[in-house]
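The values are calculated or read from the model by the stated rules, or taken from the named source; none is laboratory data. Computed from a predicted model, the values in this text were never measured in an experiment. As a convention, Cβ positions derive from the backbone with ideal geometry for all residues, glycine included, and neighbour counts pool all protein chains shown.
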Amino acid sequence: MLPNQSNDDMARARDLLQLILEKASAAEPVSIARVLEGDGKRQIAVLWRDEFKPPLDPAIELIVKEKLSILESGGGVADLTTIDVCGTPVRVALEVVRPKLKLVIFGAGHVGQAVALIGVMLGYRVLVIDDRKEFASRKRLPDPRIELLVSDFGEGAKQANITPGTAVVIVTRGHQSDETCLKSVVRSRASYLGMIGSRKRVLAVFKQLIAQGYSQDELNRVRAPIGIKIGARTPQEIAIAILAEIIRDLNGPNSERGETTHGI
């Protein structure tokens with residue numbers, strides 16, 4: 001036990017650490033505020049789903065939330081700031097804890113293979129789903145860090161555990177499989193949804209889903225055609241365009257959904 005640290009302080013610290021570990025294992029992002037008050041007392045609180053545990057002083061809670069929001073939107077991970085509370089400066093250390101991105105790839109063809117191999121190089125957790133065992137195989141995807149699932153696409157989506165820390169890439173061999181995949185994930189909490197295909201093919205899939213009761217707002221989440229427009233031609237170039245879009249969308253502070261630069 002550290003000097004001046006009570007059993008209650010230790011218990012609170014353990015509870016907060018447990019909360020962080022639970023959310024990290026569930027791929028849920030959390031934020032941490034460490035408050036150093038004027039008298040030297042420290043307070044640590046975890047922000048999850050817009051609620052601090054334990055609650056912060058109401059005089060600073062709203063300001064801390066605003067500063068954390070700015071930090072998160074800018075892609076930052078840590079900051080040290082001073083808040084004025086009735087003329088008293090209060091130092092607050094802010095930290096954003098983001099889980100490692102999970103990349104779920106529907107389709108283990110040439111493009112899916114390239115996305116998976118480069119995704120692992122970027123440090124992502126990668127899951128590849130295909131209904132053809134000869135494609136979702138160690139012969140084509142030998143890296144043991146890539147998880148393989150041979151399954152019907154709809155059933156595979158149920159097993160994928162898609163969370164806000166997930167990016168979904170749909171690169172199957174045909175529009176019927178694309179439709180199955182998109183139906184399975186468009187209402188998920190994934191941070192990124194992208195689907196390959198020409199504009200004509202994409203519109204055909206969207207039309208089918210709208211006829212089945214899906215809304216235009218739901219479909220507006222989908223990056224389709226997928227990837228940043230860089231003139232990609234080979235599977236490897238297309239994979240880079242896709243992963244660049246994921247990086248930009250999830251990390252870039254000024255990403256705009258209405259840009260005309262998307263689409264391979």
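Residue 183: under 16 Å from residue 243 (Cα atoms) and among the charged types (D, E, K, R), yes or no? Answer is no for this residue.
Pairs are defined by a Cβ separation below 7 Å, a sequence spacing of at least 6 or placement on different chains, a first member in the stretch 68-82 that is under 15 Å from residue 29 (Cβ atoms), and a second member that is acidic (Asp, Glu); the pairs so defined are 71/79; 77/95; 78/95. Remark: residue 177 falls outside the filter, which requires a residue to be closer than 18 Å to residue 128 by Cα, in a loop (DSSP other than H, G, I, E, B), touching a residue at least 24 places away in the same chain (Cβ under 8 Å) and out of contact with any Gly (no Cβ under 6 Å at 6 or more places or on another chain). The set of residues from the stretch 90-122 being in a strand (DSSP E or B), closer than 26 Å to residue 184 by Cα and among the basic types (Lys, Arg) comprises just one member, 102. Across the stretch 180-224, the number of residues qualifying as at negative phi, assigned to a loop (DSSP other than H, G, I, E, B) and more than 22 Å from the chain's Cα centre (by Cα) comes to 4. State yes or no: is residue 180 among the hydroxyl-bearing types (Ser, Thr, Tyr) and buried (at least 24 other Cβ atoms within 10 Å of the Cβ)? The answer is no for residue 180. Scanning the stretch 83-124 for residues that are outside the structural domain of residue 168 (by TED's automatic domain parsing) and free of Cβ contacts under 8 Å to residues at least 24 places away in the same chain yields 83, 84, 87. Residues in the stretch 152-200 that are among the small types (Gly, Ala, Ser) and within 21 Å of residue 110 (Cβ to Cβ): 156, 167, 174, 177, 194, 197, 198. Within the stretch 249-264, the residues that satisfy the criterion of being surrounded by fewer than 17 Cβ atoms within 10 Å (Cβ to Cβ) and either within 13 Å of residue 193 (Cα to Cα) or modelled with pLDDT of 95 or more (or both) are 250, 257. Condition first: closer than 14 Å to residue 138 by Cα and surrounded by fewer than 21 Cβ atoms within 10 Å (Cβ to Cβ). Now tell me which residues in the stretch 99-109 satisfy that. Within the stretch 99-109, 109 is the sole residue that qualifies. Residues in the stretch 54-76 that are outside any loop (DSSP other than H, G, I, E, B), within 15 Å of residue 95 (Cβ to Cβ) and modelled with pLDDT of 80 or more: 64, 65, 67, 68, 69, 70, 71.
Under the condition of being more than 15 Å from the chain's Cα centre (by Cα), in contact (Cβ under 8 Å) with a residue 40 or more places away in the chain and assigned to a helix (DSSP H, G or I), the residues counted in the stretch 225-250 number 5.
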